[in-house]
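Okay, so here's the structure we're looking at.
The values are calculated or read from the model by the stated rules, or taken from the named source; none is laboratory data. Everything numeric here is computed off the predicted structure, so don't read it as measured data. Cβ coordinates were reconstructed from backbone atoms using ideal geometry, including for glycine residues, and neighbour counts include every protein chain displayed. Protein only, heavy atoms only, side chains kept; ligands, DNA and RNA dropped before computing areas. Shrake-Rupley method; radii C 1.70, N 1.55, O 1.52, S 1.80 Å.
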Amino acid sequence: MRHFPAVLLALALVAPVDGLEPPTRPLAGTEWRLVELQSMDDAIGTRRPPDPSVFTMRLELDGSARFRLDCNRATGSWTAEAGADPASGRFTFGPLAGTRALCPPPSLDEQVLAQAPHVRSYLLKDGRLHLSLMADAGIQVWEPLGDVPFAPTPDPELEAAIRRASPDYAQVAGDGSSPARYVHARVDLDGDGRDEVFAYPMGSIFCGSGGCTLLLFRQGDAGLALVGEFPITRLPVIVGAAKSRGWSDLFRRESGGGAPASWVRHAFDGGRYVERERLPAQPEPAGRRVLAGEPSFAQGSPLPPRE
C-alpha cells in the first residue's frame, strides 16, 4: 500500500485530461473524509463523526466540489490559491446545494454545510487537510481517502447480477466444475452519491493465465446493471482523478500469456468503459486503489451457480 505526504498526494492525483495540461490549482482532483470539526468555543469543543466514511469531499479538477454528508449529498464550487508555501493558501467554497434529509442523530451534516461559506484558508499538515473558518471560528480537519480493500462478504444481489452477466456459468458449474468465488468493492465513480460495485469472480470460467474477468455494475432503479466487463485483469484497479463524461477513468493491470505487463486506461464514453491507452507496468498510475489486498480463491465468498 502506498502512502503519500499530503502535498505530494494533492499533486500526484492531478492527471491530464484528453491531452490538456494538468491544472496548477492546488488540491484539484483529491478526495477526503472528515476527521473532526474543531471549534474555538470551549462550550462546543471538538466534534467527530461516528463513521468518517460517510462524510467525504471530492475537489474536482473542473472546480466543482462534491460532498457526501451522512444521508445527504451536496454540490457546489471551490477555489484555492497557494501561498509562498504550497502547503497552505487561500480557500473558499461557492454556494452549495444539497439534499435535506433528516439523518439519524448524531450527525454533523448540517454543521459542515453551515460552515462551508465561512472557510477562508487551507493548510496541509501531517497528511491532513485543515480548512480554517474566518475570524478563527474553527477548523475542519479532513484526511485523504485511502485504498478500498476487497470485501469477501456474501452479497445476494451482487451474486444475481454476476450470474446475469455470465449466463454460461450455471451450465459450466453444473457439469461438475468447482463453483467460483468472488470478492467485491464499492466506490462512487460518477459523483452521484451512489456507489458503483466492482466484482471479481475467481474460478476456471472467469480466470486465465493473465488474470480474471472484472465486472463493474451501477445501482439503478431495477437493481444492479452491468457497466463494464474487463477480461484478464489483475488487481488492484486504480481509480484516477481525471474524468470522462462525468465518470472517473480506470486503470487495470494485465500480465501473463507471454505479453509484457501493462496498465490499461479505460474512459467512460457515455454508456460503457472503453480502452484508451496502454501504459508501462512502472510506474503505477496515480489514484485510489480499489479491490486492494491480493485476494486468494480461498478468501472469496462462494458464488452459487443458481439462486
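Answer yes or no as to whether CYS207 is open to solvent by less than 50 Å² (accessible area, probe 1.4 Å), free of Cβ contacts under 8 Å to residues at least 12 places away in the same chain and not acidic (Asp, Glu).
yes
Applying the selection to the range 275-290, what residues are exposed (fewer than 11 other Cβ atoms within 10 Å of the Cβ) and either touching a Leu at 6+ places or on another chain (Cβ under 8 Å) or without any contact (Cβ under 8 Å) to a residue 12 or more places away in the chain (or both)?
GLN282, PRO283
Where residues in the range 221-253 are of a type in the set (D, E, K, R) and not in a strand (DSSP E or B), which of them is modelled with the lowest pLDDT?
Taking the range 221-253 as the starting set, the residues that turn out to be of a type in the set (D, E, K, R) are 221, 229, 234, 243, 245, 249, 252-253.
If we keep only those that are not in a strand (DSSP E or B) too, we end up with 221, 245.
On the way: ASP221: 81, ARG245: 93.
Out of the qualifying residues, it is ASP221.
Mind checking whether some residue in the range 200-210 is out of contact with any Cys (no Cβ under 7 Å at 6 or more places or on another chain), closer than 17 Å to ARG272 by Cβ, modelled with pLDDT of 85 or more and not charged (D, E, K, R)? Spell out how you get there, then give the answer.
First pass over the range 200-210, keeping only residues out of contact with any Cys (no Cβ under 7 Å at 6 or more places or on another chain): 203-205, 207-210.
If we keep only those that are closer than 17 Å to ARG272 by Cβ as well, we get none.
Within the range 200-210, none of the residues are out of contact with any Cys (no Cβ under 7 Å at 6 or more places or on another chain), closer than 17 Å to ARG272 by Cβ, modelled with pLDDT of 85 or more and not charged (D, E, K, R).
Can you tell me how many residues in the range 76-130 are farther than 20 Å from GLU143 by Cβ and hydroxyl-bearing (Ser, Thr, Tyr)?
Going through the range 76-130 one residue at a time, the tally reaches 4.
Applying the selection to the range 71-100, what residues are farther than 25 Å from PRO50 by Cβ and among the hydrophobic types (A, V, I, L, M, F, W, C)?
Those that are farther than 25 Å from PRO50 by Cβ and among the hydrophobic types (A, V, I, L, M, F, W, C): TRP78, ALA80, ALA82, ALA84, ALA87, PHE91, ALA97.
Say we look at the range 293-307 and pick out the residues that are in contact with a Phe, Trp or Tyr (Cβ under 7 Å, 6 or more places away or on another chain) and either more than 18 Å from GLU157 (Cβ to Cβ) or part of a strand (DSSP E or B) (or both); which of these is least open to solvent (accessible area, probe 1.4 Å)?
In the first step, residues of the range 293-307 are kept if they are in contact with a Phe, Trp or Tyr (Cβ under 7 Å, 6 or more places away or on another chain); the result is 293, 295, 300-301, 303, 305.
If we keep only those that are either more than 18 Å from GLU157 (Cβ to Cβ) or part of a strand (DSSP E or B) (or both) as well, we get 293, 295, 301.
Details: GLY293: 57, PRO295: 24, SER301: 5 Å².
Checking each candidate, the answer is SER301.
What's the number of the only condition in (1) open to solvent by 50 Å² or more (accessible area, probe 1.4 Å); (2) at pLDDT 85 or above; (3) under 24 Å from ALA135 (Cβ atoms) that MET57 fails to meet?
(1)
Quick one: which residue in TRP263, TRP247 is buried (at least 17 other Cβ atoms within 10 Å of the Cβ), under 29 Å from GLY220 (Cα atoms) and aromatic (Phe, Trp, Tyr)? If you could, list the steps in order and put the result at the bottom.
Working: TRP263 fails: under 29 Å from GLY220 (Cα atoms).
Within the list TRP263, TRP247, the selection yields TRP247.
Which pairs have Cβ atoms under 8 Å, sit 6 or more apart or on different chains, and link a residue in the range 247-274 that is in contact (Cβ under 8 Å) with a residue 24 or more places away in the chain to one that is open to solvent by 40 Å² or more (accessible area, probe 1.4 Å) and β-branched (Val, Ile, Thr)?
GLU254/ILE232; GLY256/ILE232; GLY257/ILE232
Here are ALA84, ALA65: which of them is under 21 Å from LEU145 (Cβ atoms) and small (Gly, Ala, Ser)?
Values: ALA84 fails: under 21 Å from LEU145 (Cβ atoms).
After applying the criteria, what remains is ALA65.
Restricting to the range 193-215, give me the number of residues that are closer than 18 Å to ASP168 by Cα and in a strand (DSSP E or B). Talk me through it step by step, then tell me what you get.
As a first pass, look at the range 193-215 and keep what is closer than 18 Å to ASP168 by Cα: 199-208, 212-215.
Next cut, in a strand (DSSP E or B) only: 199-202, 207-208, 212-215.
Matching residues across the range 193-215 total 10.
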